[in-house]
Amino acid sequence: MQLLCPNCQSELTRSGESKRHCQACHSDFILNIECNECGEALQRLKACGAVNFWCDHCHELKSKSSANYRLVEA
Ligand SMILES: [Zn+2]
Ligand SMILES: [Zn+2]
């Protein structure tokens, strides 16, 4: 999944587990992953190389594609 910079629409590069960096405008972002149903922050679960997310509020496993991604400028 490729995220675009909210400032300049360039592709962001990964600079950490939940950090993204824009090389075009030199902005740093924190990637927040939230439940698509309740908006709670999801916990990252790693199993066998696949990443899934757990919602504490819904008590449900969320896949990468059903999560909401929100970029917050760092
Ligand atoms: Zn940018
Ligand atoms: Zn939820």
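FYI, it's all coordinate maths here, none of it is from the lab. This one's a predicted model, so the numbers in the text were calculated from it and none came from an experiment. Backbone-built Cβ (ideal geometry, glycine too); neighbour counts: all protein chains shown.
Odds and ends about this structure:
- Binning the C-alpha pair distances of the chain at 10 Å intervals from 0 yields a P(r) profile of 20, 45, 29, 5 %, listed from the shortest bin outward.
- Net charge contributed by nearby residues that have their C-beta within less than 14 Å of residue 30 (K/R +1, D/E -1): +1
- Highest GNM mean-square fluctuation among 64, 19, 46, for the chain modelled with Cα contacts below 10 Å: 46.
- Exposed loop sites were defined as GluC sites (Glu not before Pro) in DSSP loop states (anything but H, G, I, E or B) carrying at most 16 other C-beta atoms within 10 Å; in the chain the longest segment without such a site runs 41-74.
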